[in-house]
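J.: What follows is a structure written as structure tokens; I'll ask about it next.
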Amino acid sequence: MNDLKKIYRATSKEIAESYLLELEEKWGEKYPLVIKSWQNNWENLSGYFKYSSPVRKLIYTTNPIEGLHRQIRKFTKTKGSFTSTNALYKQVYCAIKKVEQKWTKALPNWALTMSQFDIFFPGRLKIELN
């Protein structure tokens, strides 16, 4: 895992490509399908190097997403079935509202990251100023 992290945490696509070669040398015999998958899909996987470091970190960091999914599962796993799609939506809504209460810590450099998102994806953000 540490060798994979070196690839997606690299500061540039070129450096990541050199780490990918190192990964192949080190793990290619033991995990040939994994290495082949990375190589075959490199153009898609490396597309995120066009973004700045703070934006890339949000892309490869999945902990917040996994945490949200875990909370939604807590709300929905005890139900055998839902009477309607609307009932499921209500459960997911309640889970999200509960998780929102815990989201109090600001992300580092959030203002910079948001401004970069606005550059990369113009017109897609709705920013409310208080």
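J.: Considering only residues that are assigned to a helix (DSSP H, G or I) and among the small types (G, A, S), look in the stretch 80-124 and name the one that is surrounded by the fewest Cβ atoms within 10 Å (Cβ to Cβ).
T.: This residue is A111.
J.: Could you identify the single residue in E66, E14, E29 that is modelled with pLDDT under 85 and open to solvent by 70 Å² or more (accessible area, probe 1.4 Å)?
T.: E66
J.: If the Cβ limit is 7 Å and pairs must be 6+ apart or interchain, which residue in the stretch 14-36 that is closer than 20 Å to F49 by Cα pairs with which residue that is open to solvent by 70 Å² or more (accessible area, probe 1.4 Å) and not aliphatic (A, V, I, L, M)?
T.: Listed by first residue and then by second, the contacts come to Y19/K6; I35/E24; I35/W27.
J.: Now for a different question. For the stretch 49-63, state whether one or more residues are of a type in the set (A, V, I, L, M, F, W, C) and over 21 Å from Q116 (Cβ atoms).
T.: No: zero hits.
The values are calculated or read from the model by the stated rules, or taken from the named source; none is laboratory data. Remember, predicted model here, so these are calculated numbers, not experimental data. All Cβ positions, glycine included, derive from the backbone under ideal geometry; neighbour counts span all protein chains shown. When the accessible area is computed, the model is the full protein with side chains, heavy atoms only, and any ligands, DNA or RNA have been set aside. Shrake-Rupley method; radii C 1.70, N 1.55, O 1.52, S 1.80 Å.
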